[in-house]
1. What about A:Asp198, is it surrounded by 16 or more Cβ atoms within 10 Å (Cβ to Cβ), on the phi < 0 side of the Ramachandran plot and in contact (Cβ under 8 Å) with a residue 24 or more places away in the chain?
2. Go through the range B:170-182 and report how many residues are crowded, with 21+ Cβ neighbours inside 10 Å and out of contact with any strand residue (DSSP E or B) (no Cβ under 6 Å at 6 or more places or on another chain).
3. Exactly one of (1) in contact with a Leu (Cβ under 9 Å, 6 or more places away or on another chain); (2) crowded, with 21+ Cβ neighbours inside 10 Å is unmet by A:Asp132. Its number?
4. Take the range B:159-184 and flag every residue that is more than 10 Å from chain A (Cβ to nearest Cβ), touching a Pro at 6+ places or on another chain (Cβ under 8 Å) and in contact (Cβ under 8 Å) with a residue 40 or more places away in the chain.
5. Do we have A:Ala62 as touching a Ser or Thr at 6+ places or on another chain (Cβ under 6 Å), more than 10 Å from every other protein chain (Cβ to nearest Cβ) and without any contact (Cβ under 8 Å) to a residue 60 or more places away in the chain here?
6. Check whether at least one residue in the range A:45-59 is within 9 Å of chain B (Cβ to nearest Cβ), farther than 20 Å from A:Leu210 by Cα and in contact (Cβ under 8 Å) with a residue 12 or more places away in the chain, and report yes or no.
7. Out of A:Leu27, A:Leu14, which single residue is more than 7 Å from DNA strand D (Cβ to nearest atom) and more than 22 Å from A:Arg204 (Cβ to Cβ)?
8. Looking only at residues that are more than 19 Å from the chain's Cα centre (by Cα) and not in a helix (DSSP H, G or I) in the range B:26-58, which one is farthest from DNA strand C (Cβ to nearest atom)?
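The values are calculated or read from the model by the stated rules, or taken from the named source; none is laboratory data. If you're wondering where the values come from, they're calculated on a predicted model, not measured in any experiment. Cβ atoms come from the backbone with ideal geometry, glycine included; neighbour counts cover every protein chain shown.
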Number of protein chains: 2
Amino acid sequence: MNGEPDLARIARALAEPARADMVLAVLDGQQHPIGELAGAAGVAPATATDHVRELADAGIVAIEPRGRQRLVALSGADVARAIEALTEIAPAKPVRGLAGAERNIALRTARTCYDHPAGALGVALTARLVEDGIVDELEPGTIGNLVRTEHPTLDYLGVTTLPAGRRPVVRSCLDWTERRPHVAGALGRAVLDALLEDKWVTRRRDTRALRVTPSGAERLGELLGDWKPAET
Amino acid sequence: MNGEPDLARIARALAEPARADMVLAVLDGQQHPIGELAGAAGVAPATATDHVRELADAGIVAIEPRGRQRLVALSGADVARAIEALTEIAPAKPVRGLAGAERNIALRTARTCYDHPAGALGVALTARLVEDGIVDELEPGTIGNLVRTEHPTLDYLGVTTLPAGRRPVVRSCLDWTERRPHVAGALGRAVLDALLEDKWVTRRRDTRALRVTPSGAERLGELLGDWKPAET
DNA sequence: TCAACCCTTTGGTCGAGACCGAAAGGTGCG
DNA sequence: CGCACCTTTCGGTCTCGACCAAAGGGTTGA
């Protein structure tokens with residue numbers, strides 16, 4: 001790289017509350033049409049168009065035309081990592097109203113963090129992976145690297161293949177609700193994929209919160225001991 | 001934590017170019033008086049006062065009154081980590097003028113990154129630590145944890161004690177010029193302290209770039225093989 | 001081909017905040 | 001004590017950009 005990084009450029013893109021809401025919405029790693037992001041941010045479609053352009057110019061999101069709509073997604077895992085790091089030092093937004101409180105509980109219980117599970121569920125799963133010796137623990141509260149690729153717990157979860165590539169297999173991601181790290185990287189993605197595949201959890205519309213299905217709750221309780229999803 | 005993180009709040013503080021310059025200036029982990037930051041950002045003292053207050057309100061910097069001046073420093077290692085993550089996805093600022101090019105070379109050669117060495121020097125030192133088996137390598141390009149606390153290389157560098165505490169001893173920090181990780185955490189700090197203590201390198205005024213002393217260059221060349229600091 | 005739908009463009013309003021000069025407030029030094 | 005120095009406060013200007021309504025363009029499905 002030449003020259004100093006243009007910190008202000010990237011920060012300006014995130015500085016507008018409406019754009020920040022949009023970024024948090026695409027932090028689930030999914031593609032979202034612009035109209036939906038407009039709703040999430042509480043602005044008119046015309047305004048959303050401007051905002052998405054700004055985010056795309058800054059390299060934060062990528063746009064893919066699909067028919068008469070344009071799908072917006074986070075442009076990469078490095079962006080997700082940077083946003084996560086920022087949320088770690090960001091103050092908490094005060095909870096507004098009953099709907100806000102419910103949304104908050106749902107997010108704390110189980111949600112996606114880009115492409116891996118987070119919240120109480122993500123942390124509990126991570127603790128189990130460490131306990132089983134699948135992932136080692138460098139120091140208390142610090143995730144290490146993958147130790148075993150075969151283990152009954154992985155079979156139980158339905159994680160069969162770990163795609164190899166440039167991407168680290170195990171990465172630690174600090175959970176902003178639990179204040180403890182959860183597993184990200186290729187393993188984190190594989191776990192989330194398995195949970196979704198077998199319908200232990202399902203995605204909710206318009207939010208990163210995950211719904212734990214009854215059968216999923218049962219099987220997760222089996223695996224994680226006393227872990228139980230909160231109501232709603 | 002309650003509620004969603006207020007991403008926009010923290011981003012807004014960094015969105016102003018003058019404030020971003022100030023943050024990059026205090027990224028060396030040192031304390032800087034406000035007047036100096038005003039110079040670094042190219043604004044009047046009155047403006048700098050406003051900016052520093054904004055950064056302090058956002059929790060990015062801490063202010064400590066000292067006599068007739070007020071010293072500004074980064075408020076913590078977590079903030080440094082977030083800023084680093086942002087610089088990884090930030091576009092490069094175009095280099096302006098001869099002075100800019102020289103500053104650029106100096107920064108690429110050797111600089112501080114919060115409290116540890118970075119740039120070509122930081123990466124070369126890290127490679128040596130990995131080669132000596134002091135720090136292990138999880139996957140190519142990913143730093144692991146501390147393996148040995150005693151080694152001739154550590155003696156040669158003058159690193160005697162590694163302060164234990166809540167802080168991770170070894171942390172990986174992606175270098176934005178070299179695109180490879182260098183050692184951060186307590187070990188990174190200990191190495192920088194040793195280099196400064198024995199005058200292998202000295203701090204420059206008003207910049208994070210480090211000056212490698214002649215004797216330092218000689219001893220570093222001994223340790224790192226063909227490593228040599230660039231001119232200026 | 002037409003209508004419905006999603007998005008963008010245009011043009012205009014409006015508020016936020018970045019900036020500075022001048023003057024005032026503290027602090028240290030002689 | 002008084003001057004020099006660093007910083008803050010105040011008042012004012014001015015630019016930037018967030019926002020929307022209305023109109024236009026492109027796509028899909030009937």
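1. Details: surrounded by 16 or more Cβ atoms within 10 Å (Cβ to Cβ): no; on the phi < 0 side of the Ramachandran plot: yes; in contact (Cβ under 8 Å) with a residue 24 or more places away in the chain: yes.
Here the answer is no, as A:Asp198 does not meet what is asked.
2. Count: 1.
3. Condition (2) is where A:Asp132 drops out.
4. Listed by number, the residues that qualify are B:Cys173, B:His182.
5. Numbers: touching a Ser or Thr at 6+ places or on another chain (Cβ under 6 Å): yes; more than 10 Å from every other protein chain (Cβ to nearest Cβ): yes; without any contact (Cβ under 8 Å) to a residue 60 or more places away in the chain: yes.
When the stated conditions are applied, A:Ala62 passes them.
6. Yes, the conditions are met somewhere in the range A:45-59.
7. On the way: A:Leu27 fails: more than 22 Å from A:Arg204 (Cβ to Cβ).
The unique qualifying residue is A:Leu14.
8. B:Ala58
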